[in-house]
Amino acid sequence: MMRYIKHHLSSMDGIEIWPLISLLIFFSFFVLLFVYVMRMRKGYIDEVSSQPLNDSKGTKATLLLLLLGSAPSLFAQEAAPFGTHYGLSDDVWIVMLGSTALLLTAMIIGAMGIFKNLVEHLAEVKAKQQAAVVASMFVLTDSAFWGLVTANLFLMGYLLLVMRNIRLVSKELKPQIQPEPEAQAVAEEARVKQPSMWAVIWQKLNAHESLEKEPDLLLDHAYDGIQELDNRLPPWWLYGFYVSIVAGVIYLFNYHIFGYAPLMDEAYEIEMAEAAAETEAYLASLALNVDERTVEYVLEESRLNQGAGLFAKHCKACHAADGGGGVGPNLTDNYWLHGGQINDLFTTIKYGVPAKGMKSWKADLTPTEIQNVSTYILSLNGTTPLAPKDPQGDLEEPAQPKGSEANEATASL
Amino acid sequence: MSQERFQYDNAIVKLFIRATVIWGITGMLVGLTAASQLVWPELNANLAWLTFGRIRPLHTNAVIFAFVGNGIFAGVYYSLQRLLKTRMWSDALSRINFWGWQLIILSAVLTLPMGYTSSKEYAELEWPIDIAIALVWVVWGVNMMATILNRRERHLYVAVWFYIATFVTVAVLHIFNSFELPVSFMKSYSWYAGVQDALVQWWYGHNAVAFFLTTPYLGLMYYFVPKAAGRPVYSYRLSIIHFWALIFIYIWAGPHHLLHTSLPDWAQSLGTVFSIMLIAPSWGGMLNGLLTLRGAWDKVREDPILKFMVVAISAYGMSTFEGPMLSLKSVNAISHFTDWTIAHVHIGGLGWNGMLTFGMLYWLVPKMHSTTLYSKKAANFHFWISTLGILFYALPLYWAGFTQYFMWQEFRPEGMLKYPNFLDTVLQLLPMYTMRVVGGTLYLTGAIVMAWNLAKTSRQGSFIANEDAEAPALETVRGRLPGESIHRWIERKPMPLLVMSLVVILIGGLVEILPTILVKSNIPTIASVKPYTPLELEGRDLYIREGCNNCHSQMVRPFRHETERYGEYSKAGEFVYDHPFLWGSKRTGPDLHREGGRMPDSWHYHHMYDPRSMSPGSIMPRYPWLLTDDLDASNLAAKIEAMQTLGVPYPEGYADGQAQADLEAQANAIAANLLDADIECAPQKEIIALIAYLQRLGTDINTPVAENTVAP
């Protein structure tokens, strides 16, 4: 099922803004939290409320059963009928809560889908207006998306937890106002009569005994004054444990028995094949697939500008900013180690000369970029660098750019 | 029944408390220094012993074994005596435990910055110190078990179960992970190689978290939280279930540190599955802690001690939920090698261990000096500033983790990486790293305020070194009592309890480790993979000495963005001669497994002298001494022979002369190569050996004879 959902959301491209939004949500949550804490002067402390319910001293031998991995039913403690607030049994409560959680998750995923479509639509509109698409730092893949969703849910959960604790502990910041004894008694009575919905849910989830009944639960031993209660295992915890065990087994079966989920190597093959197909389709659609045979030396300002930028970024460490050479050879003279025509430069840059320390750039630069940086390098011919390295290689006639138009462009530079 | 009179030994507790505070502040300070160096690399002042690769292990060892370790001992020595109604069995052993442990820490403080390291995370200390650790640990265990056997309380409280499990498991982990062959005094090679070494290491590393940072602290929680809150423990049966489930399941989860590596798929999946199952047992401890405070939340509001404990337990709950999430393969693909992991461990370290230690100390010190806390205000200040410090530390690092992953895996539609230069993805993180420094500073400030507050407290009170107590002697009971449950019975049988814990924790380790070591098909061999040459071996030892593995992984995972960036993904068979493995766990710098042949020798030479000359903006430290210091190859013969003992197929008699000759020949070739690039470097310099190693990395599978043959 996860695979289906993932597939459904498989293309998250175009939602560049999502990480920013989530960051925003996240930090505003953080800020709100602090504002909340600071303004907590008169906050209401929701004491962990407890409802009377029948005591059940369940079996203690569950431990061995656990180690033997026996059936969950053996674990289950004697079911105790709960107090019937809102007239529901605890199983119904758990189902309801579980469904709510599922629903919420589904809603989040749904909202993501809507949001995605919206952004895609906007991008389309934008693309029609201007050809250049704004470059973005982040493009989300599906796994990244899931990572973000998980991360954010989890961070929010943690902050909620922290908030709850801070809310409780920050009460000491303010002097307690003692209500009149009578008023207190009335309030107490009201509280007992009408526990809040959350208190009831909390009580159901944990199957607490009421604090008044605590003495009945005290075990007859104490260690250095520490006593122990014999409370039931919190049902949500116990069932959560079962669920995690079942989930673990399913996970294992999914990979190793049924083979629905691909193992590492297979997943890698799939990823690579998909990417290759996508790339091929894209390049075909652009028709800018120049290579060392078809590349031409054409001087155009836009080409030179891009070439100059790339040169400053990737090449200057070894060849110096002005092409005068350093670790690598001088690129401004007429001596070439691996040929001085545009096709030769293209080949050298694309495949590299690993034996001599020139790396292959085909994984970093597109064919067009290699063409442009080659063009730029050829345009440096004849300039005088600051500290030219001695000539290396063979003397060659300088390469000539194509077309008179281009020559004029050079002249104007 | 006659009452027996005896005295509790508080002096030993006081010693451990002092050590906890001093080493805690030291460890945090070292951490802060390391964190600052990631923003300002020149902060190491170009001193070898201050470089990140050497002080990062010092930081982890100091906070884990010195701060938390002394915290464990302080809490155990205090609570154990009282829970058993007896004095520690031997004062002498207690003192040996204390001074021995401090000496071990001191030796770590000296040797780690000097570059003596085994490279295995949280087990970096070299073999003589490893032996000392084992001895001191056993001294503690013997003292504890003897105290338990001489107790005046029939049953063992849940805290004591945790102490026993801690003792027995850490002993097993430490001993098996430290199997290493000494080459000289302070140098050894791991007994295991490659994949097996990685599995054993992370079986250890993960369970160091489990049985050094978790189980003993759960024991402390079970003593100090009910004490501080004055409330009974919430559920006895929850204690039983979560104790046994926790120690049984925890041990299996180690492989989740090696997802998408060359570890066999089945072992990875086991790691994931048991991590998922671990949520509930871990949370059992959190529930029993938090629900013990039920009915005492009014006290929590007023008492800084309880506040520390509540945040500690919350942080515990959070990181034990996050851990299993990070163990899912798809999430791990994002988090692994990034700062997400660092954020995660600091929620555990600063939140759970730190805050619980602080709470415990604020409770213990006034109690032992029969006084009240000197300044409650300062304790509250400490609470708030450290809570804020944790948030400031963790949140930017979470963000750094996501950011870097997105940048790593982003492709351009033309099919190439959008950020082919790894450095671009690092520079993006510098603002986050700066915020992390701020968070760390806040946290450290809090700890210093605590030290001052505790010192003032102890000065205003009067210390009771030997506290009077009395209790009736224990009568011997044989066999099971009528109506006694099995667990109630084992609770008064310490030795069976110890043995049972041992059996329970051994199962997971054996099931995962034995097949990986014994079944050949788990590590398909590759014919073209050959042992390192002598010079490369020496270079590798320099790589280990400088702690390069703290920032550089050697494990290309089977993802498109990794194979595009680094090259062919790493295969299990490539590491068969790697004693120890050097896969790393964090990429502050790029992966180096396919580094061989990528850059010319001259590039490495310049880069090691000043990384910023080749990669402007790099945050890597400078290593100028590699260019000036001569390689110490005096142990070469011993190293080769040690490798032969470990099964590395060097020719018979290779260590006698031939190895040295080969080393010199290769060094001369590299020096000549450098000379071609106008670099004059004598062949006996350290940099030559390091270059030899770096140029060899990951190249074996590309050699022409490379026919990947799978062993039958």
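Bear in mind these aren't lab numbers, they're just calculated from the coordinates by the rules spelled out. Bear in mind the structure is a predicted one, so any value in this text is a computation, not a measurement. Please note: Cβ atoms are built from the backbone with ideal geometry, for glycine as well, and neighbour counts cover all protein chains shown.
Show the residues, 5+ positions off or on another chain, whose built amide H is closer than 5 Å to the amide H of B:Arg412.
B:Leu417, B:Lys418
Tell me which residues come under 5 Å, amide H to amide H, from A:His221 once H is placed; ignore anything under 5 positions away on its chain.
Distant-sequence amide H within range of A:His221: A:Glu228.
With each pseudo-label sitting 7 Å past Cα toward Cβ, what's the A:Leu219-B:Asp424 distance in nm, one decimal?
Placing both labels 7 Å beyond Cα along the Cβ direction yields 6.1 nm.
Can you give the FRET efficiency to the nearest 0.05 for A:Leu337 and A:Ala277, using r as the Cβ-Cβ distance and R₀ = 51 Å?
Once rounded, the FRET efficiency stands at 0.85.
Just need the relative contact order of region B:228-355 here, percent rounded to a whole number, with Cα pairs under 8 Å and 6+ apart. Can you show the working numbers first?
Working: 136 pairs, mean separation 37.8, N = 128.
RCO, region B:228-355: 29 percent.
Considering Cα pairs under 8 angstrom that are at least six residues apart, work out the relative contact order of region B:289-404 and quote it in whole percent.
Reported relative contact order: 38 percent.
Tabulate in residue order the Karplus-calculated ³J(HN,Hα) for region B:576-592, using 6.51 cos²θ - 1.76 cosθ + 1.60 with θ = phi - 60°, rounded to whole Hz; enter x for Gly and Pro.
In residue order, the calculated couplings are 5, 9, 8, 10, x, 5, 10, 5, x, 9, 8, 10, 7, x, x, 5, 10 Hz.
Could you state the number of Å between the C-alpha centres of region A:290-336 and region B:638-670?
45
Compute the helix-to-body angle for B:127-149: its Cα long axis versus the longest principal axis of chain B, expressed 0 to 90° and rounded to tens.
20
Roughly how many Å is it from the Cα centre of region B:326-381 to that of region B:174-228, as a whole number?
For region B:326-381 versus region B:174-228, the Cα centre distance is 20 Å.
Output ³J(HN,Hα) for region A:375-383: one whole-Hz value per residue in order, computed from phi by the Karplus curve 6.51 cos²θ - 1.76 cosθ + 1.60 with θ = phi - 60°, and x for Gly and Pro.
Going residue by residue, I get 4, 4, 4, 4, 5, 6, 3, x, 6 Hz, with x marking Gly and Pro.
Would you calculate the separation in nanometres between label points at B:Ser330 and B:Val519, each defined as 7 Å from the Cα along the Cα-to-beta-carbon direction?
My value for the distance between the label points is 2.8 nm.
Which length gain, in nm to one decimal place, applies between A:His256 and A:Ile201 when the Cα-Cα distance is subtracted from 0.36 nm times their residue separation?
The span from A:His256 to A:Ile201 would gain 15.9 nm if fully extended.
Residue by residue through region B:247-258, which ³J(HN,Hα) values in whole Hz follow from phi under the Karplus form 6.51 cos²θ - 1.76 cosθ + 1.60 (θ = phi - 60°), with glycine and proline marked x?
Going residue by residue, I get 6, 6, 7, 3, 5, 7, 7, x, x, 5, 7, 10 Hz, with x marking Gly and Pro.
Rounded to the nearest 0.05, what FRET efficiency is calculated for B:Ser462 and B:Arg612 with R0 set to 56 Å and r the Cβ-Cβ distance?
Values: r = 58 Å, r/R0 = 1.04.
The formula returns an efficiency of 0.45 here.
How high is the FRET efficiency from B:Asp676 to B:Leu388, r the C-beta distance, R0 56 Å, rounded to 0.05?
E(calc), rounded to 0.05, equals 0.50.
Among the listed pairs A:Lys356/B:Lys571; B:Lys120/B:Lys329; A:Lys356/B:Lys586, which have their C-alpha atoms separated by more than 26 angstrom in this model?
Numbers: A:Lys356/B:Lys571 28 Å; B:Lys120/B:Lys329 24 Å; A:Lys356/B:Lys586 31 Å.
Beyond 26 Å: A:Lys356/B:Lys571; A:Lys356/B:Lys586.
Near the amide H of B:Glu4, under 5 Å away, which other amide H atoms are found, from residues 5 or more places off or on another chain, if H is placed in the peptide plane?
HN-HN under 5 Å from B:Glu4: B:Ala471, B:Ala473.
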